[in-house]
Amino acid sequence: MAASVESLLEEISGAEDPIEELQSLKTALSSIPLSTLRNSVSGQRLNVIFSLLNTNEREKVQLCVDILDRMLMALSPVHLVQNYRVELQGGLTHPDDAVKILALTQIGRMVEHPDAVTEILNNHGILCEVIHCIGEEKMAVAKQAIQSLSKLSHSKPGLDTLFQNELLKVMKDVMGTSDIVRYRIYELIVEISSVSPVSFGYCANSSFISQLLDELTGDDVLIRATAIEMVTTLAHSQHGRQYLAQQGIMDMISNMIRGADSDPFSSLYLPGLVKFFGNLAIMESPQQVCESYPAFQNKVFQMALDPDPIRIGVALDTLGLLGSTVEGKQVLQKTGEKFKEVLLRMSQLAGSGATELRVRSLEAISQLLTLQPEQQTEDLLALTESWFHLLSNQPLDMVRNISTQPFPELHCGALRIFTAIATQPWGQKLMVSTPGFMEFILDRSTGQTKEAKDAKFELVGSLLSSSTSADILGSQNYLHLKTYLKEGPYYVSAVAAVSIEGAD
């Protein structure tokens with residue numbers, strides 16, 4: 001193998017227009033495992049391939065990128081930094097985006113390696129070029145640059161280098177390119193901030209975070225909407241939430257929700273504000289967040305009853321998120337008639353209208369009704385049962401009717417509601433007492449997609465996982481379910497298989 005790679009490289013260096021030879025090398029490399037290739041490539045000089053990148057011929061450049069991508073991946077980051085650092089740095093300013101992405105990917109590997117990263121940290125030129133790549137037009141180039149730079153945040157020397165004056169100035173200069181590029185730099189900062197309280201400190205001290213927070217109240221509502229997404233990501237870490245609370249950001253966002261009704265453009269950023277508190281509630285405490293910021297909960301209920309599909313969608317997702325926890329269920333139950341009205345609306349949305357909202361409504365309902373075995377106290381079981389019966393006069397039939405409609409995502413969404421109540425004794429009693437329902441569960445002809453078969457299998461598994469199901473469902477149903485589980489999700493009976501063949 002080594003001989004073949006070496007001889008092909010020699011042929012390429014001797015050829016005037018080596019398109020065929022490059023194609024042969026690419027084919028040869030794809031058939032060699034990386035571990036074997038490592039021994040073949042480490043002794044070779046790849047300058048001949050790098051030099052061929054200096055052309056305007058798109059096909060030749062792409063072949064060289066494919067070859068280098070394979071060969072460089074076989075080499076260790078230390079070998080790369082010792083032998084190809086200059087070539088890779090040159091790739092960062094190459095006119096072809098594929099070359100830039102190749103170079104950034106390999107630099108990302110070096111930055112991750114404790115022995116190779118030192119060489120990179122001592123070379124500010126290469127880091128400047130990587131930062132400039134964030135300002136490139138093609139998003140894939142910018143993403144790869146952000147990914148490579150964010151890896152520096154895992155060590156103090158990396159943070160010290162990235163946030164020293166020279167590179168800090170480069171970042172701020174690149175930021176000035178456009179609104180889009182400014183937000184790419186924010187994306188990098190938010191990613192670095194999430195790593196640790198130490199990395200967050202560097203970002204806060206560099207004034208990037210305070211600049212991002214100022215964008216929340218800027219005049220441009222589209223920029224405001226993007227800023228709230230970034231701040232929501234910032235709140236994913238404990239240290240991030242602590243900082244935002246200290247800066248009064250939670251109160252500010254709550255006030256923005258209150259003032260949204262008087263802003264004709266609020267529909268552009270209001271969903272983001274609600275998502276912020278929805279995520280906060282799950283990470284902190286639903287009760288604490290809903291009590292401290294009542295504007296949030298009121299707005300979610302208001303949005304669920306709104307005619308605007310964007311607002312409804314965000315409200316459904318948020319209600320599902322809140323209701324996925326026991327504390328969230330209790331908070332919603334405390335609102336009494338308000339939540340009953342919302343639940344009825346969710347039932348209506350699940351039954352008719354745009355498919356996407358129906359799917360999101362079914363998902364939210366299944367989250368609201370789910371109770372893990374260890375959460376199944378008498379009070380909570382009574383709560384989920386009462387919610388299920390608020391959906392309709394005949395909720396089981398209503399959900400089953402949705403599952404028979406010719407939309408796989410609706411079918412699976414409806415089955416997930418059955419899965420949610422299948423572990424609860426009241427749900428099992430309802431299923432076994434409804435004529436034809438156990439037959440519906442065991443019928444493999446309903447739902448022919450892989451997702452539908454998986455969803456039905458999960459429903460059967462949930463029923464069997466409950467300690468009460470054997471007694472409630474009866475021995476015959478229980479044995480049928482056990483057989484179904486044993487046969488697996490994709491089982492086809494011999495009779496069914498013969499009749500299918502006969503139909504052909």
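The values are calculated or read from the model by the stated rules, or taken from the named source; none is laboratory data. It should be emphasised that the depicted structure is a prediction, and the values quoted were computed from it without experimental measurement. Quick reminder, even Gly has a Cβ in these numbers, built from the backbone with ideal geometry, and neighbours come from all protein chains shown. Please note that ligands, DNA and RNA were not included when accessible areas were found on the heavy atoms of the full protein model with its side chains. Shrake-Rupley method; radii C 1.70, N 1.55, O 1.52, S 1.80 Å.
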Evaluate the following for Val314: is it in contact (Cβ under 8 Å) with a residue 24 or more places away in the chain, over 27 Å from Glu215 (Cα atoms) and open to solvent by less than 20 Å² (accessible area, probe 1.4 Å)? no
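Would you kindly identify the helices (runs of 4 or more DSSP H) lying entirely within the stretch 234-292 that contain at least 2 residues that are in contact (Cβ under 8 Å) with a residue 24 or more places away in the chain, closer than 29 Å to Tyr202 by Cβ and touching a Lys or Arg at 6+ places or on another chain (Cβ under 8 Å)?
270-283
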Kindly evaluate Ile180 against the criterion of being in contact (Cβ under 8 Å) with a residue 24 or more places away in the chain, assigned to a helix (DSSP H, G or I) and either open to solvent by 10 Å² or more (accessible area, probe 1.4 Å) or in contact with a Cys (Cβ under 7 Å, 6 or more places away or on another chain) (or both). no
Of those in the stretch 332-359 that are in contact (Cβ under 8 Å) with a residue 12 or more places away in the chain and of a type in the set (Asp, Glu), the residue surrounded by the fewest Cβ atoms within 10 Å (Cβ to Cβ) is Glu356
Selected residue [more than 14 Å from Ala452 (Cβ to Cβ) and modelled with pLDDT under 95] from Glu385, Glu439: Glu439
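Give the residues of the stretch 262-289 that are more than 18 Å from Leu216 (Cβ to Cβ), open to solvent by 30 Å² or more (accessible area, probe 1.4 Å) and not aliphatic (A, V, I, L, M), sorted by residue number.
Of all residues in the stretch 262-289, those more than 18 Å from Leu216 (Cβ to Cβ) come to 264, 281-289.
Right, trim to open to solvent by 30 Å² or more (accessible area, probe 1.4 Å) and you get 264, 282-284, 287-288.
If the condition is that a residue be more than 18 Å from Leu216 (Cβ to Cβ), open to solvent by 30 Å² or more (accessible area, probe 1.4 Å) and not aliphatic (A, V, I, L, M), then Pro264, Glu284, Gln287, Gln288 are the ones that fit.
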